[in-house]
Each structure stands twice: as C-alpha cells, then as structure tokens.
Amino acid sequence: VHGRPLVYLDNAATTQKPTAVLEAIDAFYRRDCANVHRGVHTLSQRATVAYESARTAVKRHLGARDSREIVFTRGTTEAINLVAWSFVRPRLGEGDEVLISAMEHHSNIVPWQLLCAERGATLRVIPIDDRGDVILEEYERLLSERTRIVGITWVSNALGTVNPVREMIATAHAKGIPVLVDAAQAVPHLAVDVEKLDCDFLAFSGHKVYGPTGIGALYGKRAHLLEMQPYQSGGDMILSVSFERTVYQEPPYRFEAGTPNIAGAVGLAAALGYLEGIGHEAIADHERRLLDEAAAKVLELPGARLIGTARHRSGVLSFVTNGIHPHDVGTILDAEGVAVRAGHHCAQPVMKRYGVSATVRASFGIYNSSDEIDALARGLRKAREVFS
Ligand code: 7TS
C-alpha cells in the first residue's frame, strides 16, 4: 500500500483470509459446484455434504449439542434480525421491554428499535461506567417482568470490553428472561461454548473470523428454534406447498430460504478449522501481548487518551489524540501503509458516552506482529509532527 508493506490493523471490521480458506472456496467451485438439498446427481450430493459438514464445523466450534441448532445467515446482522422478528416479535406487546447495553453495535440497536416502535414496546439500555464496563447493579435493576429479551455484545467493537456474559445470562435466566449474545467480536478471539454459557441465541460473522463475507451463523436453542416462524420464505425452507397451504421444514432449514451461500459456508468451515489448529490459548496470548504493547506505545504519545479501559479487554484499542482528528490520523497512517479504522465504528451511542465524535481504532488478529505495532507507533509520531 503506497509502496509500503501493509500493516493491517482493521481486523474488527474484517479479517484477511488464510490460504486454507481461499483454497477451500476455490476447490468447491472447481470440483463440487452445484445446488444443495435438491439434486440426485453427484455434484449436488457433494455440495450438500460440504454445506452440511460446514454446519457441523460451526456446531463443533461453538460447542453446540446439535447441528440443527445452527442456522446459516449472511452474518451477525441478519442473525440478530432473525431473532428479533421470529422469536421476539410474537412475544413483544405494548409496554414490554427489550434490554441492551450502551456499548452495542448499531446492528444490535436498530432492529430492536424498529421492533419496539412497531409493538409499542420500550428499548432499555444498561449504562456503562467510565472505563467501559457494564454497570451490573443497573443491569439487575433493569431486568423486570416486562423484559422479553436481553441483547448483549460479548466483546465491544468500539471499546474492546469483554463483558461477563456468562454471569449476565445466569442473572437474566434467574428471572426467566432469554439472552441473545452478539459474538461478532468474540468468536475471533475467545473460546466459545454455548452449552456452558447457556445463552439462548448467539450470533457471529464469518468474515471477522478469517472466513469469507456474506456468511455467518445463528446458534439458537433447539426448543426456541422449533417455536419460531420463518423470517424469510421461498424455496428450500418448505416441505410442501400448495396454494391453500404450505408446510415448513424443520429448523434450521425453515430459516434458510433460497439458495444459501454454499461456498461461503465451506470457507467458514475452513477458517474455523484453521483457528482450531492454532488453538485459542495461543491466539489469546499473542493478541493480549499485541494489545498491551500497542496500548503502551499509544500512551507514550503526548495528548493520547484511550477510550475503553475496562479490566478485561480483547482485540481492539480505541484512542483519541489531542488536537488531531481521528480521520487525519487514519489518513496519515494509511500513507505509511498502516490500516486502522477512524470513525464511530457503528457505535455512535458509545462515542456520545465518551464525548467524542470518533476514535482511531487499531484492532488485532492472529497474523499481526510486534514490528507492526512499531510501524503504528512510527505513523502516530509522524501524525503528531505534521499537526504540531
Ligand atoms: N456486532 C458487532 C459487535 C460488530 O462489531 C459488528 C461489525 C456487527 C455486529 C455486525 O456484523 P456484520 O458482519 O453483520 O456487519 N463491526 C464492524 C466494525 O467494528 N467495523 O466494521 C464492522
């Protein structure tokens, strides 16, 4: 980039793809390309096996009990919308409440706002403290007999906060309230076990875990999925259709109308296998070191302030530099070959909470190195020189 080696520190937005993922997609299109669940011919059967094996890979990676608890979606956004419209909508009446946190990505805010507006319900927000931790006493206070769902991010894309989701789920369940976990920023960095978490739903995106774009998954407890009506409809999600009456497939197929992203699922399975090959402990150790190094280097910069200093953080370092707009920092870093995100990170309420309009965000992945943190620091010093 601009004649420099690329230093890619925008992994929270999307990740680069390992060769294993590219090759799996290439092999699918070259050797096995056909539609799924319909043909008797060999390629169709191979495509179906590849697609359903990918579902098993997601089940294994999330620690789910049953592959039928995995619904393929376009990503986290579509998974949250599916829960909102198919699970929550029929349960949400006038005066009911949906509870989310103050650090949600827009995709875990706007669907609930739309739904609440339609049903005459209220969106409630768990406040966060100055460090970027949810205030758990407030959370408990906000859980009421009117709360129909809690939607909480596991890891914040704007602050890096790792929320105590297991405890939060237990607290909600003690009051009989189901919980959806937005794991878009968690699956790339943490070990996930939906059985241990006991979450009702969990959503993530393939492209943030080194897989392709346009594929992701929703984990949902089987009992919930069985109760839910289709969200979109058409081919592949039916058992029989007549003009009088249509009988839907069982979950998960009921929620996968139309030709799915077969190659995407194949690529996602390869990505999860790749991550498992490295191992979660190694990933966590490596990324923890990068995060600590980057935080120390950023704070050496005069006038720099971290946005998000929660006790437990992962993947993301958000900061502002006194007197230099984040977009200017981002532009100067780009000229040095360093890719960061500058902006509100689709979490405008978080920016408001900290009284800033934008931050610079460096976010880390498995392939980043200490040398790259040095390149970030050099770029930041350059920005400081240009603007001083
Ligand atoms: N939830 C969180 C916590 C996210 O960080 C994102 C995307 C989403 C949901 C939506 O995921 P999608 O794959 O459906 O778009 N976050 C970002 C980001 O931080 N920069 O670009 C996208």
GluC sites (Glu not before Pro) in the range 242-309 lying in a DSSP loop, each with at most 12 other Cβ atoms within 10 Å of its Cβ, come to GLU244, GLU300
Find the relative contact order for the range 233-388 and round it to a whole percent, using C-alpha pairs within less than 8 Å whose residues are 6+ positions apart. 19
How far apart, in nm, are the 7 Å Cα→Cβ label points at THR56 and GLN232? 2.7
Please compute, over every Cα-Cα pair in the range 23-105, the percentage with a separation greater than 19 angstrom. 59
By per-residue mean of other Cβ atoms within 10 Å, what is the highest-first order of 103-112, 316-325, 60-69? 103-112, 316-325, 60-69
Run the quick spin-label model on ARG305 and ALA335: label points 7 Å from Cα toward the beta carbon, then report their separation in nm to one decimal. 2.7
Would you mind computing, in nm to one decimal, how far apart the modelled labels at HIS37 and TYR367 are, each placed 7 Å from Cα along Cα→Cβ? 3.4
Whenever you get a sec, compute what percent of the accessible area on the chain sits on carbon and sulfur atoms (1.4 Å probe). 51
Percent of all alpha-carbon pairs of the range 114-215 at distances over 19 Å, whole number, is 48
Looks like the chain, by Cα gyration tensor root eigenvalues a ≥ b ≥ c and the a/c under 1.5 rounded cutoff (else prolate when a/b is bigger than b/c, oblate otherwise), is oblate
When a/c reaches 1.5 or more, the comparison of a/b and b/c decides; with that in mind, is the range 1-156 rounded, prolate or oblate per its Cα gyration tensor? oblate
Over the chain: helical MRE at 222 nm, DSSP H runs n ≥ 4 each giving -39500 (n - 2.57), nearest 500: -11500 deg cm²/dmol
What's the center-to-center distance, using Cα atoms, between the range 38-102 and the range 237-292 in Å? 7
For a test of understanding, tell me how many lysine pairs in the chain have Cα atoms under 24 Å apart, given they are 8 or more places apart or on different chains. 11
Around HIS173 (Cβ within 9 Å, Cβ-to-Cβ, excluding HIS173; K/R +1, D/E -1) the net charge comes to -1
Give the accessible surface of the chain per residue, rounded to a whole number of Å², with probe radius 1.4 Å and ligands, DNA and RNA excluded. 42
Return the FRET efficiency for the residue pair ALA282, GLU140: r is the Cβ-Cβ distance, R0 is 25 Å, and the value is rounded to the nearest 0.05. 0.10
Determine, for each peptide in 178-187, 351-360, the mean count of other beta carbons within 10 angstrom over its residues, then list the peptides with the highest first. 178-187, 351-360
Hydropathy at least -0.5 by Kyte-Doolittle, axial extent at least 18 angstrom from the Cα trace: which helices of the chain, defined as entire DSSP H runs, fit? 42-62, 262-278, 280-299, 370-387
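The values are calculated or read from the model by the stated rules, or taken from the named source; none is laboratory data. Keep in mind that what you see is a predicted model, and the values were worked out from it rather than measured. FYI the Cβ positions are ideal-geometry reconstructions off the backbone, even for glycines, and counts take in every protein chain you see. Accessible surface areas use protein heavy atoms only, side chains included; no ligands, DNA or RNA. Shrake-Rupley method; radii C 1.70, N 1.55, O 1.52, S 1.80 Å.
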